[in-house]
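Undergrad: Here you go, one structure.
The values are calculated or read from the model by the stated rules, or taken from the named source; none is laboratory data. Remember, it's a predicted structure, so these values are computed and weren't measured experimentally. Glycine also receives a Cβ, built like all others from the backbone with ideal geometry; neighbour counts cover every protein chain displayed. Surface accessibility is based on the protein's heavy atoms, side chains included, excluding ligands, DNA and RNA. Shrake-Rupley method; radii C 1.70, N 1.55, O 1.52, S 1.80 Å.
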Amino acid sequence: MAEPSRSERGYARRSGPFTPMADKNRELVFPQSARIYAQMLREDAQVRSVVAAVTLPILRTMWRIDPNGASDEVVRLVAEDLRLPVLGDDGRQPLPSTGGHASWAEHLPWALRSVVFGVSFFEKVYEVRSGRDRLRKLAPRMADTIKKINVADDGGLESVEQAPRAGALRAEKPIPVEHLVAYLHDPLDHTWTGTSILRSAYKHWRLKDELLRLEAIILERNGMGVPNYKAASSDEKEIERGQEIVDNVRAGVEGGVSTPNGASFTIEGVKGQLVSPRDAIAYHDSQIARAALAHVLNLDGKGGSYALAEVQLGIFIQFLQTIAEGIATTANKYLVEEMVDFAFGTEGGPYPRLAFDPIGSKNDLPPETIALLANAGVILPDKDLEEEIRRRGNLPTKRPYDGPEPSEEEAA
């Protein structure tokens, strides 16, 4: 006798606005946090470098559609709607225009905004083309437009609600989960807001910003020194004249001061040691990089352990690989499978899947090494190897030779 199925009894999400896992900094509670993280990304060079270091390798790696046992018709439909090459193809043949506006190359940068904001929502839009439901667009639903995220007790996403459009008389309709793709980065709870890689860098950004302002004030106040005029007498008019001199003194080719007999004018520097905030600024910069495991951005060329640098780079690459795998897993589960089910009216697969070249795991072999391995019989110069070498070398695809046949002497 088969065991009866078990219904769910517990819950994953605590109700109420203030939970033990909630961020105590009200400024960084979603969606208000989007404004802060966007400001950090716009204004701070180190923050922009960190985000670029995390996202660029994922954007630059080669993404493809892996057939995964699916039929050629199914694979072709997914490849066309996402405008991606199929694994095994050389990737140079242009995909036919299907009339849709979806593109994985254009979608991926927006999906990676989940790294910055914690979560990225997209609405899936379909239309009927050639008798099938085809993906038309993946419309971003930006964090600053989200008013509320509705989550079930079991922790599953139910819907999102957007703030009303400007001038709208009624609230926007909730977007149900079946219409959404949600990329979630490093969640700490089941609120579906995720955690930005900039969250732990926030306090360092704040303190660094204050120190930069302080450094500018220090340079302005003490860069030239403080003008000091000593009057020759206690006459008020002479003292007022001296004050006018120090107020208007400027450095320059023609700059100078004329004083009456007995008066003196000096530029007083700071006495004692002036504390510079530069070291503290550099420290907070390094901590911003550490927040994203980007220790490589802190290498200053002053020596150190190469082995330690290799370990740090390896951990960082694993971090990037994990982010890319999370993006691919979400897209395969909630986008690609639905595309196939909608278009062909079947469920259960097999489904094609998004795949990408592992980040940082490939070391390109020089042509001399490839030739040596081929001559030694270690690798065979087959069709796949030739296509891969042509692709990596940006060489044209192989075509039939249509020139004159070589003579017997030339062939010999």
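Undergrad: Scan segment 176-185 for residues that are more than 16 Å from LYS124 (Cα to Cα) and either without any contact (Cβ under 8 Å) to a residue 60 or more places away in the chain or outside any strand (DSSP E or B) (or both) and jot them down.
TA: Within segment 176-185, just HIS185 meets the criteria.
Undergrad: List the residue pairs whose Cβ atoms are under 8 Å apart, where the first residue sits in segment 227-242 and is in contact (Cβ under 8 Å) with a residue 12 or more places away in the chain and under 9 Å from PRO260 (Cβ atoms), the second is open to solvent by 100 Å² or more (accessible area, probe 1.4 Å) and in a loop (DSSP other than H, G, I, E, B), and the two are 6 or more positions apart or on different chains.
TA: Qualifying pairs under 8 Å: ALA232/ASN261.
Undergrad: While we're looking at this one, here's another question. Checking PRO227 against (1) modelled with pLDDT of 70 or more; (2) within 24 Å of SER114 (Cβ to Cβ), only one condition comes out false. Which one?
TA: (2)
Undergrad: Could you please find all residues in segment 155-174 being open to solvent by 30 Å² or more (accessible area, probe 1.4 Å), in contact with a strand residue (DSSP E or B) (Cβ under 8 Å, 6 or more places away or on another chain) and of a type in the set (Gly, Ala, Ser)?
TA: Of everything in segment 155-174, those that are open to solvent by 30 Å² or more (accessible area, probe 1.4 Å), in contact with a strand residue (DSSP E or B) (Cβ under 8 Å, 6 or more places away or on another chain) and of a type in the set (Gly, Ala, Ser) turn out to be ALA163, ALA171.
Undergrad: I'm checking my understanding of the structure. Among residues of segment 8-40 that are aromatic (Phe, Trp, Tyr) and more than 15 Å from LYS203 (Cα to Cα), which one is modelled with the highest pLDDT?
TA: Filtering segment 8-40 for residues that are aromatic (Phe, Trp, Tyr) and more than 15 Å from LYS203 (Cα to Cα), the one modelled with the highest pLDDT comes out as PHE30.
Undergrad: Something else about it: Limited to segment 362-387, what total is found for residues that are within 36 Å of the chain's Cα centre (by Cα) and either part of a helix (DSSP H, G or I) or surrounded by 10 or more Cβ atoms within 10 Å (Cβ to Cβ) (or both)?
TA: Number of matching residues: 9.
Undergrad: Please go through segment 175-190 and pick out each residue that is surrounded by 14 or more Cβ atoms within 10 Å (Cβ to Cβ) and modelled with pLDDT of 90 or more.
TA: Once the filter is applied, which keeps residues that are surrounded by 14 or more Cβ atoms within 10 Å (Cβ to Cβ) and modelled with pLDDT of 90 or more, segment 175-190 yields ILE175, VAL177, HIS179, LEU180, VAL181, ALA182, TYR183, LEU184, HIS185, ASP186, PRO187.
Undergrad: Now for a different question. Scan segment 163-175 and tell me whether some residue there is among the charged types (D, E, K, R) and either assigned to a strand (DSSP E or B) or touching a helix residue (DSSP H, G or I) at 6+ places or on another chain (Cβ under 7 Å) (or both). Talk me through it step by step, then tell me what you get.
TA: Our first condition is that a residue be among the charged types (D, E, K, R); within segment 163-175, this holds for 165, 170, 172-173.
Keeping just the survivors that are either assigned to a strand (DSSP E or B) or touching a helix residue (DSSP H, G or I) at 6+ places or on another chain (Cβ under 7 Å) (or both) gives none.
The answer is no, given that none of the residues of segment 163-175 is among the charged types (D, E, K, R) and either assigned to a strand (DSSP E or B) or touching a helix residue (DSSP H, G or I) at 6+ places or on another chain (Cβ under 7 Å) (or both).
For every residue, the table says whether it meets (1) modelled with pLDDT of 95 or more; (2) under 25 Å from the mean Cα position of the chain (by Cα).
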residue: SER103; (1), (2): no, yes
residue: LEU108; (1), (2): yes, yes
residue: SER120; (1), (2): yes, yes
residue: LYS124; (1), (2): yes, yes
residue: ARG129; (1), (2): no, no
residue: MET142; (1), (2): no, yes
residue: ILE146; (1), (2): no, yes
residue: ALA152; (1), (2): no, no
residue: GLY155; (1), (2): no, no
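Undergrad: Which of the residues belonging to segment 137-154 are out of contact with any strand residue (DSSP E or B) (no Cβ under 9 Å at 6 or more places or on another chain) and of a type in the set (A, V, I, L, M)?
TA: None - no residue of segment 137-154 is out of contact with any strand residue (DSSP E or B) (no Cβ under 9 Å at 6 or more places or on another chain) and of a type in the set (A, V, I, L, M), so the list stays empty.
Undergrad: I'd like to check something: does segment 294-304 contain any residue that is part of a loop (DSSP other than H, G, I, E, B), within 21 Å of the chain's Cα centre (by Cα), modelled with pLDDT under 85 and surrounded by 15 or more Cβ atoms within 10 Å (Cβ to Cβ)?
TA: Checked segment 294-304: at least one residue is part of a loop (DSSP other than H, G, I, E, B), within 21 Å of the chain's Cα centre (by Cα), modelled with pLDDT under 85 and surrounded by 15 or more Cβ atoms within 10 Å (Cβ to Cβ).
Undergrad: Report, ordered by the first and then the second residue, all pairs with beta carbons closer than 7 Å, sequence separation of six or more or different chains, a first member in segment 186-212 that is at positive phi, and a second member that is open to solvent by less than 30 Å² (accessible area, probe 1.4 Å) and part of a loop (DSSP other than H, G, I, E, B).
TA: Note: pairs meeting the criteria are ASP186/GLY194; ASP186/THR195; GLY194/GLY118; GLY194/HIS185.
Undergrad: Another question, then. Can you report the number of residues in segment 336-360 which are assigned to a loop (DSSP other than H, G, I, E, B) and touching a residue at least 12 places away in the same chain (Cβ under 8 Å)?
TA: Final tally of qualifying residues: 8.
Undergrad: Answer yes or no: is there a residue in segment 332-345 that is modelled with pLDDT under 90 and surrounded by fewer than 15 Cβ atoms within 10 Å (Cβ to Cβ).
TA: Checked segment 332-345: at least one residue is modelled with pLDDT under 90 and surrounded by fewer than 15 Cβ atoms within 10 Å (Cβ to Cβ).
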